[in-house]
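Peer 1: Sharing a structure here in structure tokens format.
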Amino acid sequence: MHERRLGTWLFALGILLFPLIVHSNYLLSILIMIGFYSLVCNGLTMLMGYAGQISLGHAAFYGIGAYTTAYLSATHGWSPWLSIIAGAVISAFIAFIVGIPTFKLKGHYLALATLGFGVIVYTCFKEFTSITGGMNGFFGIPSIKLFAWEFSNDARFYYLIWTVVLLSLLFSQNIIHSRVGRALRSIEGSEAASDAVGIDIMRYKLQVFVYSAICASIAGSLYAHYVTFINPQAFDAMLSIYFLIMVITGGASSIWGAVIGSSVFVLLSELLKEVVPLVFSNAGGEFEIVFFGVLLVVMLIYMPNGLTAAWKKITGKWRTSTTLSPAAKGGGGR
Amino acid sequence: MKRNGQVLLTVEHITKQFGGVVAVNDVSFDVNKGEILAVIGPNGAGKTTLFNIVTGILAPSSGTVRFNGTDITGKKPYQIAQLGMTRTFQNLEVFTNMSVIENVMTGAHRNMKTSFLQAGLRVPSVKKEEKAVEEKAMRCLEKVGIAHLAYERAETLPYGNQRLLEIARAIAAEPALILLDEPMAGLNDEESRWLVEVILQLRKEGLTFVFVEHDMETVMAISDHIVVLDNGVKIGEGTPEEIYRNKAVVAAYLGEEETVC
Amino acid sequence: MEVFSQFIQLFFSGLTIGSIYALIAIGFVVTYNVTGVLNFAQGEFAMLGALTAISLSGAGLPLWAAISLAIAIVVLIGALFEKTAIYPARHSSGATLIIITIGVSFVFRGLAIFIWGTQPKSLRPFTANDPITIFQAVLLPQNLWAIAISLVGVFSMGYFFNKTYIGKAVSACVVNKFAARLMGIHPEKMSLIAISISAGLGALAGIVIAPISGASYNMGMMLGMKAFVAAVIGGLTNAPAAVVGAFLLGILESFAEGFWSAGLKDAISFALLLMMLFVKPNGLFAKATGKRV
């Protein structure tokens, strides 16, 4: 129990100290991107890793958060704080409505339905030009202010996003080690047994879906206020799949998977953007997807539970073999 | 009926058809509080179908199931469980992604109150509830004799202990009735004996059991009351002695599966 | 008369795109039936086929040779894909396999960028492409080629699965893997055959559409997803129904584009997908509306 909290505090300390030690706007901007993705993946890890429900459409909520806050704050002059909350409420509502029929589906069908949902929302961003600006994009999203303090430079924004990430990680961690978290994990473990102990599976799937949508929405909103310009392509099906890659890379055996997966993804894509053009001079566009594709396939075939689980396996090998009691070994069975 | 006691579960004229096949045909019986009732019958007799109807996995074509005075016919499995009826599985449905004690704590779900928001914010009541449920889970594990394995990963447990874990999980819900689906399947003699002991002890503490079982030795040894199905029809019921004397049962059941006894 | 000619025009372009969806959708259904894998990389075979054929044709090969060779190459790629990504993960869950195929589709798309760059390319039409006018609607011969080739593809697949030994063996695996094994048919080998065939069908689809709408590294994703919608309309396991679904979808999209908005046609297709999944997950032509839970 205490070990769990200690890790969180150490992590928070590291986050706090980083900009004081490393003075690089480039690194800060990378860490900010990792922050956005960590926030999305935090919710998504709860949904996919703990409750075992796949989503191929979370870019939609990221986008809804971004466009709602952009529209309300830039077009209607709302305070960004309020518009971010409005985005989260709308995302939660949509997740709830869409979730009801969607989570009656399983496996392949669930994957297809969430993918379809993502494409529909993406198309709406593209086509409802009067609100979103269509493919030309949405300009002039204001930055966030706290009283006179404006989150306009990277260092300030860094603290803002990572505060939110930390709070959400804490929230998730609390969920996991509670009645609700066990209910979620039980769904992945065995739906028949969840039923048998009186867990309303549908209710928990919906709750965690709404939670993950809120996380994605807030991340998208913050992203919009950070970059001040958004266009639909930032929220297409590819992004949903990138989220999936991050969640799978990080793994779901701990909430840190979200941060680790996002970090690996962002750092790897930055690295590839630096290195690949040196080797292949004609590489352009989103060539780095080759590597992510390979990463995804290799992870799923050889490390299906993600990096955190692989790490636990390596470090935990001796521990489990010594603590397994003789009674457990000699219990018989088939 | 000469059994006395308070009726806990009533199965009334249950019929279930799959297409043209009648899997269960007009079966009725009562389960009294504090009783161990066995449902037996040759393969294909309709035991599993009946079991699935009582637990809400299947809806009957006709008839009603009443539990603790409530009509539970057509209710969903989790709703029935929330009313205080839990079960174990023949093919083990342990939550392999949790530790042993977490499995049992999950079993206590229905008597806990923490909501999503409360859990996330970890309000003081959550801490208290977590502590209480962990202690309760530990007591349940002690009752089935695997408390020393509480913090192992559930999937590392051998088969027999996983069966015990399922029972611990079922009793953590503080149910009025536990349904056991072939609890002896896959257990060796020593494990079977221990399981019988556990069940008898739990009955002493006021629990009621209904179980479907192939192992006649266990059935005869621990049941207070036996219901015999054949081809979806109830062909007899009574105490173990009465079942032994029941010609129809001996002919239909023992005749077909002589090797069992 | 003008509305009528527009109607004909839209109908034909719907049939054209529908025929492309049909070829890819058959590949889906065949793969899904035999391996249980919902192959998200299926659309990429179309992209690979189209771009390979364009390169081969550009290298001076006659068109028919370029096309045949391109299909053969993609069939080999399909076989390689089965051996390296599907076979090692054959015991994984459905969701895991889906994600693996997504990973593979990324690999294909990324490799395409390395090989062909990001600029769209085009293939010359199969025959002289002088417009034909029917009821004042202007049709291009390539559209007719597309429809004809797809129909030939569809019917030869039907022949293959119902009449030839290998085809029957593959079908047997669908019905009962265990029984198939008892008969001396190896499901693993059938998985290889099924995915290779699907790859070939995908390649053919890409090649046929290339003269009409061009080819680029990112054409596969949308084609693949639309073919999914078609396959779902057909119930995922029924190839003839998927073909009907593909034509329905093509025509619906074409009319949506013609009478409403080109941009929203994708939303309409996927709204249809969701409706199918929510209301009739066993397909439009399923006899019983059994609950799929």
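The values are calculated or read from the model by the stated rules, or taken from the named source; none is laboratory data. As the structure is a computational prediction, the values presented were derived from the model and not from experiment. A quick note on method: Cβ atoms are made from the backbone with ideal geometry, for glycine too, and the neighbour counts reach across all protein chains shown. Accessible surface is based on the protein model in full, side chains and every heavy atom, while ligands, DNA and RNA are left aside. Shrake-Rupley method; radii C 1.70, N 1.55, O 1.52, S 1.80 Å.
Rundown of residues vs (1) of a type outside the set (S, T, Y); (2) at the interface with another protein chain (Cβ under 8 Å from one of its Cβ atoms); (3) out of contact with any Leu (no Cβ under 9 Å at 6 or more places or on another chain); (4) closer than 24 Å to A:W78 by Cβ, yes/no style:
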position: A:S168; (1), (2), (3), (4): no, no, no, yes
position: A:S172; (1), (2), (3), (4): no, yes, yes, no
position: A:R185; (1), (2), (3), (4): yes, yes, yes, no
position: A:D200; (1), (2), (3), (4): yes, yes, yes, no
position: A:A224; (1), (2), (3), (4): yes, no, yes, yes
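Peer 1: Which one of C:S13, C:S92, C:S68, C:S57 is within 14 Å of chain A (Cβ to nearest Cβ) and small (G, A, S)?
Peer 2: Answer to the selection: C:S92.
Peer 1: Looking at B:A147, B:A173, B:A119, B:A137 in this structure, which one is touching a helix residue (DSSP H, G or I) at 6+ places or on another chain (Cβ under 8 Å), modelled with pLDDT of 95 or more and of a type in the set (A, V, I, L, M)?
Peer 2: B:A137
Peer 1: Of all the residues that make up segment B:18-41, how many are over 16 Å from B:P240 (Cβ atoms), surrounded by 19 or more Cβ atoms within 10 Å (Cβ to Cβ) and touching a helix residue (DSSP H, G or I) at 6+ places or on another chain (Cβ under 9 Å)?
Peer 2: Of the residues in segment B:18-41, 3 are over 16 Å from B:P240 (Cβ atoms), surrounded by 19 or more Cβ atoms within 10 Å (Cβ to Cβ) and touching a helix residue (DSSP H, G or I) at 6+ places or on another chain (Cβ under 9 Å).
Peer 1: All but one of (1) in contact (Cβ under 8 Å) with a residue 60 or more places away in the chain; (2) farther than 21 Å from A:F229 by Cα hold for A:G140, so report the exception by its number.
Peer 2: (2)
Peer 1: Show the residue pairs that are 6+ apart or on different chains and have beta-carbon atoms under 6 Å apart, the first residue being within segment B:188-205 and closer than 14 Å to B:A170 by Cα, the second being among the β-branched types (V, I, T).
Peer 2: B:V198/B:V144; B:R203/B:I36
Peer 1: Right, next: Which condition number in (1) assigned to a helix (DSSP H, G or I); (2) buried (at least 18 other Cβ atoms within 10 Å of the Cβ) is the one that A:R156 fails?
Peer 2: If we test A:R156 against (1) assigned to a helix (DSSP H, G or I); (2) buried (at least 18 other Cβ atoms within 10 Å of the Cβ), just (2) comes out false.
Peer 1: Go through (1) without any contact (Cβ under 8 Å) to a residue 60 or more places away in the chain; (2) within 14 Å of chain A (Cβ to nearest Cβ); (3) out of contact with any Leu (no Cβ under 9 Å at 6 or more places or on another chain) and name the single condition C:T127 misses.
Peer 2: C:T127 satisfies all of (1) without any contact (Cβ under 8 Å) to a residue 60 or more places away in the chain; (2) within 14 Å of chain A (Cβ to nearest Cβ); (3) out of contact with any Leu (no Cβ under 9 Å at 6 or more places or on another chain) except (2).
Peer 1: Do you know which residues across segment C:77-89 are small (G, A, S) and either open to solvent by 10 Å² or more (accessible area, probe 1.4 Å) or at the interface with another protein chain (Cβ under 7 Å from one of its Cβ atoms) (or both)?
Peer 2: Once the filter is applied, which keeps residues that are small (G, A, S) and either open to solvent by 10 Å² or more (accessible area, probe 1.4 Å) or at the interface with another protein chain (Cβ under 7 Å from one of its Cβ atoms) (or both), segment C:77-89 yields C:A79, C:A85, C:A89.
Peer 1: Right, another one. With the requirement that a residue be outside any helix (DSSP H, G or I) and surrounded by 15 or more Cβ atoms within 10 Å (Cβ to Cβ), what does segment C:52-75 give you?
Peer 2: Answer for segment C:52-75, where residues must be outside any helix (DSSP H, G or I) and surrounded by 15 or more Cβ atoms within 10 Å (Cβ to Cβ): just C:L61.
Peer 1: Please find, within segment C:106-122, the residue that is surrounded by the most Cβ atoms within 10 Å (Cβ to Cβ) out of those that are more than 7 Å from every other protein chain (Cβ to nearest Cβ) and in a helix (DSSP H, G or I).
Peer 2: Out of the qualifying residues, it is C:A112.
Peer 1: Quick check, is B:I40 on the phi < 0 side of the Ramachandran plot, touching a Leu at 6+ places or on another chain (Cβ under 9 Å) and within 14 Å of chain A (Cβ to nearest Cβ)?
Peer 2: No: the conditions fail for B:I40.
Peer 1: Also, I was wondering about something else. Does A:S212 satisfy the criteria of being polar (S, T, N, Q) and within 14 Å of chain B (Cβ to nearest Cβ)?
Peer 2: When the stated conditions are applied, A:S212 passes them.
Peer 1: Right, here's the next one. In segment B:54-87, how many are without any contact (Cβ under 8 Å) to a residue 40 or more places away in the chain and open to solvent by less than 40 Å² (accessible area, probe 1.4 Å)?
Peer 2: Matching residues across segment B:54-87 total 5.
Peer 1: Sticking with this structure for a sec: Step by step: first the residues of segment A:250-268, then only those that are at pLDDT 90 or above and more than 18 Å from A:C215 (Cα to Cα), then the one that is surrounded by the most Cβ atoms within 10 Å (Cβ to Cβ). Which residue is that?
Peer 2: A:F265
Peer 1: Okay, next question. Please verify whether A:G52 is crowded, with 24+ Cβ neighbours inside 10 Å and among the small types (G, A, S), treating the condition exactly as stated.
Peer 2: Taking the combined requirement at face value, the residue does not satisfy it.
Peer 1: From the set of residues in segment C:1-47 that are open to solvent by 10 Å² or more (accessible area, probe 1.4 Å) and in contact with a Phe, Trp or Tyr (Cβ under 6 Å, 6 or more places away or on another chain), which is modelled with the highest pLDDT?
Peer 2: By that ranking, first place goes to C:L10.
Peer 1: Follow-up question, since we're still on this one. Tell me which helices (runs of 4 or more DSSP H) are completely within segment B:101-209 and hold 1 or more residues being within 30 Å of A:L167 (Cα to Cα), over 17 Å from the mean Cα position of the chain (by Cα) and at the interface with chain A (Cβ under 9 Å from one of its Cβ atoms), or say none if there are none.
Peer 2: Of the helices (runs of 4 or more DSSP H) lying wholly inside segment B:101-209, those with at least 1 residues that are within 30 Å of A:L167 (Cα to Cα), over 17 Å from the mean Cα position of the chain (by Cα) and at the interface with chain A (Cβ under 9 Å from one of its Cβ atoms) span B:116-121, B:124-144.
Peer 1: Taking segment C:259-282 only, how many residues are open to solvent by less than 20 Å² (accessible area, probe 1.4 Å) and more than 7 Å from chain A (Cβ to nearest Cβ)?
Peer 2: 2
Peer 1: Could you grab me the full set of residues in segment B:1-17 that are at pLDDT below 90 and among the hydrophobic types (A, V, I, L, M, F, W, C)?
Peer 2: Hit for segment B:1-17 is B:M1, nothing else.
Peer 1: Within segment A:83-132, how many residues are in contact with a His (Cβ under 8 Å, 6 or more places away or on another chain) and either at the interface with another protein chain (Cβ under 7 Å from one of its Cβ atoms) or on the phi > 0 side of the Ramachandran plot (or both)?
Peer 2: Qualifying residue count for the region: 0.
Peer 1: For segment B:66-100, how many residues are β-branched (V, I, T), part of a strand (DSSP E or B) and more than 7 Å from chain A (Cβ to nearest Cβ)?
Peer 2: Counting residues in segment B:66-100 that are β-branched (V, I, T), part of a strand (DSSP E or B) and more than 7 Å from chain A (Cβ to nearest Cβ) gives 1.
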